[in-house]
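What follows is a set of notes on a single structure, which appears directly below.
The values are calculated or read from the model by the stated rules, or taken from the named source; none is laboratory data. In this text, all values refer to a predicted model and were calculated from it rather than measured experimentally. Because the Cβ atoms are built from the backbone with ideal geometry, glycine has one as well, and the counts that use them run over all protein chains shown. When the accessible area is computed, the model is the full protein with side chains, heavy atoms only, and any ligands, DNA or RNA have been set aside. Shrake-Rupley method; radii C 1.70, N 1.55, O 1.52, S 1.80 Å.
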Amino acid sequence: MGGCADLSHVTLPSELTAKNWADTCNDWDDWDKVGPAYQIYGNSYYVGTCGISAILITGDQGHILIDGATEAGADIIANNIKKLGFSLADVKLLLHSHEHFDNVAGLAKLQTLSGAKLLASSEAASVISTGNLNSLDPQFGLHDTFPAARVDGLVTEQTPVTLGNLAALPISTPGHTYGALSWQWQSCENDQCLTLVYADSLSPVSRGDYHFSHYPDYIKAYSQGLTKISSLDCDILLTPHPSASKMRDRLAMPNGLNDANGCKDYATKVSKRLNRRLHKEQIIK
């Protein structure tokens, strides 16, 4: 995949390290808890909170930001971008994972602060542009409305989103929501390029009266999304909730976040959760 940028020469403040993030944040931490930004690899940075991820990919003609956290989390993301030494005005594109308030409610504020264009999947666009959850969403009725953001365009699966020397590949992975996207791109350090994947949550979580098994076409698309994640080139796995991919534990490993089996193991784990859920639904129907 193209769009690899080598920004390994960037010098960051001493407090903005992966170790400081791991020391500050706990597993499954509060969504709006302030945590330090850190460099993931090359031109990719973690700028989210302790409990909700947001990923900044920097390039020669501007930057891409994936996810905006909650309304309060947007301010944390904005401050983290500034602390890294980047300008919010250089954030040119906003992208999303899945269209729940904990991941996208902050996009409206970040769009206002940066002036960036926001691109969405066709299924997520109506949710993000109104702040109202799709009635088909497994968690419909559990979430409050959130500030609407301006959707400037739609993404097409397997058509890279490009910005200057950056290219991020959208992958349709419905399951947690109908409009959920995962993303794949490359970042480089000292001429060594790694493939990063921001895999959506994909967890089979719902309101109490919802049955995934009532929607066979949705289950088929859900399973296909998991197969896509499992088969991706994937040196570094990231997820909207850091603990879903054990970020703190992995940062303490000798290779840090680098794990070529990360996506495959993640998809396997989620598939087992989905199968248990479907089995439970058959028992209690």
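For the range 63-75, the set of residues classified as open to solvent by 20 Å² or more (accessible area, probe 1.4 Å) and touching a residue at least 40 places away in the same chain (Cβ under 8 Å) consists of 71, 72, listed by residue number.
Being under 20 Å from residue 70 (Cβ atoms), loosely packed, with under 15 Cβ neighbours inside 10 Å and not basic (Lys, Arg) is true for just one of 156, 145. Which residue is that? So the residue among 156, 145 that is under 20 Å from residue 70 (Cβ atoms), loosely packed, with under 15 Cβ neighbours inside 10 Å and not basic (Lys, Arg) is 145.
Can you pull out the residues in the range 274-285 that are under 25 Å from the mean Cα position of the chain (by Cα), loosely packed, with under 14 Cβ neighbours inside 10 Å and among the charged types (D, E, K, R)?
Step one: list which residues in the range 274-285 are under 25 Å from the mean Cα position of the chain (by Cα), which gives 274-277.
From the residues that got through so far, the ones that are loosely packed, with under 14 Cβ neighbours inside 10 Å too are 275-276.
Correct list: 276 only.
A search for C-beta distances below 9 Å between a residue of the range 1-22 that is modelled with pLDDT under 75 and any residue that is among the hydrophobic types (A, V, I, L, M, F, W, C) and open to solvent by 40 Å² or more (accessible area, probe 1.4 Å), counting only pairs 6+ apart in sequence or on different chains, returns 4/193; 6/193. Do you know which of the residues in the range 125-142 that are of a type in the set (A, V, I, L, M, F, W, C) and in a loop (DSSP other than H, G, I, E, B) is most open to solvent (accessible area, probe 1.4 Å)? Checked the range 125-142; the qualifying residue most open to solvent (accessible area, probe 1.4 Å) is 142. For the range 161-173, a residue qualifies if it is assigned to a loop (DSSP other than H, G, I, E, B) and either of a type in the set (Gly, Ala, Ser) or buried (at least 20 other Cβ atoms within 10 Å of the Cβ) (or both), and the qualifying residues are 164, 173. Of all residue pairs spaced 6 or more apart or on separate chains, those with beta-carbon atoms under 7 Å, a first member in the range 231-254 that is closer than 16 Å to residue 194 by Cβ and a second member that is among the charged types (D, E, K, R) and part of a loop (DSSP other than H, G, I, E, B) are 237/259; 250/259.
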